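The values are calculated or read from the model by the stated rules, or taken from the named source; none is laboratory data. These figures come from a predicted structure and were not determined experimentally. Every residue, glycine as well, gets a Cβ built from its backbone with ideal geometry; the counts of neighbours run over all protein chains shown. We work out accessible area using only protein heavy atoms, side chains counted, and drop any ligands, DNA or RNA first. Shrake-Rupley method; radii C 1.70, N 1.55, O 1.52, S 1.80 Å.
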Amino acid sequence: MDNSNFMVNEKYTLKQVQEKLMLLLLEFDRICKKNNIRYSLDGGTLLGAVRHDGFIPWDDDADVVMLRKDYKRFIRACKKDLNHDLFVMETTKSCKSYSFNFGKLKLKNTIWVEYCSENVKEHKGLYIDIFPLDNTCKWSIKLQHKLSYFWEVVRWKKIGREFETKHPKIVNLMSKILPLKLVNFNAELAMRMFNIFPTRNVCKICHYGKGKEPHSRKYYTDTIKHKFEDCEFFIPMEYETWLTRRYGDWKKLPPLEHQKPGHSILRIEL
């Protein structure tokens with residue numbers, strides 16, 4: 001599929017979006033290299049690297065992942081090393097109204113407004129997702145996910161993000177009686193409750209979507225460089241095993257009707 005003429009709206013092509021995402025990936029990689037921080041491409045971005053040597057042709061986002069200790073080091077490094085004229089790094093600690101349990105590196109002077117987030121008072125720039133990985137056990141992972149997601153939804157209620165939940169009454173109650181700092185603390189506690197123990201597996205407890213299965217820690221400590229567009233980024237050394245666990249027959253392209261961007265966008269300015 002040639003994405004060069006695929007229009008994400010009446011003004012911009014998907015290729016233009018991906019070119020801006022590359023700026024974010026390069027800045028992320030630059031900071032990690034400067035501070036000896038380990039990371040890996042993740043999800044569809046990892047799949048794109050291996051299967052397409054770059055973006056999946058119809059993809060409109062980019063994901064990276066790192067162990068929690070490296071994630072914390074990256075957040076600290078951004079304070080001194082990030083090009084603050086062009087980029088902004090947002091987390092719940094840097095932005096009072098920030099939505100998620102993971103961070104986003106955003107490109108200034110761009111606008112990328114998705115459905116459900118138009119009323120949230122956070123930076124609306126195009127972004128890449130930066131996911132921390134936390135320790136987990138087979139018997140605890142479902143509980144950790146449910147708790148972290150519950151507190152994320154309570155946060156959404158407090159900051160004005162649209163959402164659906166099976167427990168609206170308790171979400172409404174918690175959002176009324178608890179301050180935002182305590183909501184964020186509870187979400188962090190759910191994600192990080194096993195980080196003091198040397199577990200074999202880690203997981204994106206922070207993530208509310210797909211890819212919530214635990215993975216061996218070695219995928220994120222044993223990495224190699226791989227071509228991505230005209231650059232190179234880090235991916236797991238055992239990437240074929242990772243991709244097969246995550247996607248099954250990942251070498252096979254999905255049906256044409258599924259080859260389309262994954263986000264519903266209200267407004268774009270690049």
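I need a count of the residues in region 1-45 that are touching a helix residue (DSSP H, G or I) at 6+ places or on another chain (Cβ under 7 Å) and not small (Gly, Ala, Ser).
Result for region 1-45: 11.
Only one of (1) farther than 30 Å from Leu266 by Cα; (2) surrounded by 15 or more Cβ atoms within 10 Å (Cβ to Cβ); (3) basic (Lys, Arg) fails for Arg161. Which number is that?
Unmet for Arg161, out of (1) farther than 30 Å from Leu266 by Cα; (2) surrounded by 15 or more Cβ atoms within 10 Å (Cβ to Cβ); (3) basic (Lys, Arg): (1).
In region 122-143, how many residues are in contact with a Phe, Trp or Tyr (Cβ under 8 Å, 6 or more places away or on another chain) and not in a loop (DSSP other than H, G, I, E, B)?
The qualifying residues number 10.
Which numbered condition in (1) modelled with pLDDT of 95 or more; (2) small (Gly, Ala, Ser); (3) under 15 Å from Leu41 (Cα atoms) is the only one that Gly211 fails?
So Gly211 meets the others, but not (1).
Of the conditions (1) without any contact (Cβ under 8 Å) to a residue 60 or more places away in the chain; (2) surrounded by fewer than 21 Cβ atoms within 10 Å (Cβ to Cβ), Glu152 clears all except one; give me its number.
Of (1) without any contact (Cβ under 8 Å) to a residue 60 or more places away in the chain; (2) surrounded by fewer than 21 Cβ atoms within 10 Å (Cβ to Cβ), only one is false for Glu152: (2).
Under the condition of being β-branched (Val, Ile, Thr) and farther than 26 Å from Trp250 by Cα, which residue from region 14-47 is surrounded by the most Cβ atoms within 10 Å (Cβ to Cβ)?
Per the criteria, the residue is Ile31.
So which residues in region 48-60 are open to solvent by less than 20 Å² (accessible area, probe 1.4 Å) and under 15 Å from the mean Cα position of the chain (by Cα)?
Hit for region 48-60 is Asp60, nothing else.
Working only within region 74-99, note down all residues that are within 22 Å of Asp42 (Cα to Cα), touching a residue at least 60 places away in the same chain (Cβ under 8 Å), open to solvent by 10 Å² or more (accessible area, probe 1.4 Å) and part of a loop (DSSP other than H, G, I, E, B).
Matches in region 74-99: Thr92 only.
Residue by residue through region 155-180, note down the ones that are acidic (Asp, Glu) and either in contact (Cβ under 8 Å) with a residue 12 or more places away in the chain or part of a helix (DSSP H, G or I) (or both).
Within region 155-180, Glu162 is the sole residue that qualifies.
What residue, among those in region 116-130 that are open to solvent by less than 10 Å² (accessible area, probe 1.4 Å) and in contact with a helix residue (DSSP H, G or I) (Cβ under 8 Å, 6 or more places away or on another chain), is nearest to Tyr220 (Cα to Cα)?
Checking each candidate, the answer is Ile130.
Tell me the residue from Thr165, Thr136 that is more than 19 Å from Thr91 (Cα to Cα), modelled with pLDDT of 90 or more and in contact with a helix residue (DSSP H, G or I) (Cβ under 7 Å, 6 or more places away or on another chain), please.
From the options Thr165, Thr136, the qualifying one is Thr136.
Looking at region 164-191, which of the residues that are open to solvent by 60 Å² or more (accessible area, probe 1.4 Å) and within 15 Å of Lys146 (Cβ to Cβ) is farthest from the chain's Cα centre (by Cα)?
The extreme case among them is Ile170.
Just need a number here: residues in region 202-218 that are outside any loop (DSSP other than H, G, I, E, B) and either surrounded by fewer than 16 Cβ atoms within 10 Å (Cβ to Cβ) or without any contact (Cβ under 8 Å) to a residue 24 or more places away in the chain (or both).
Residues meeting the conditions: 2.
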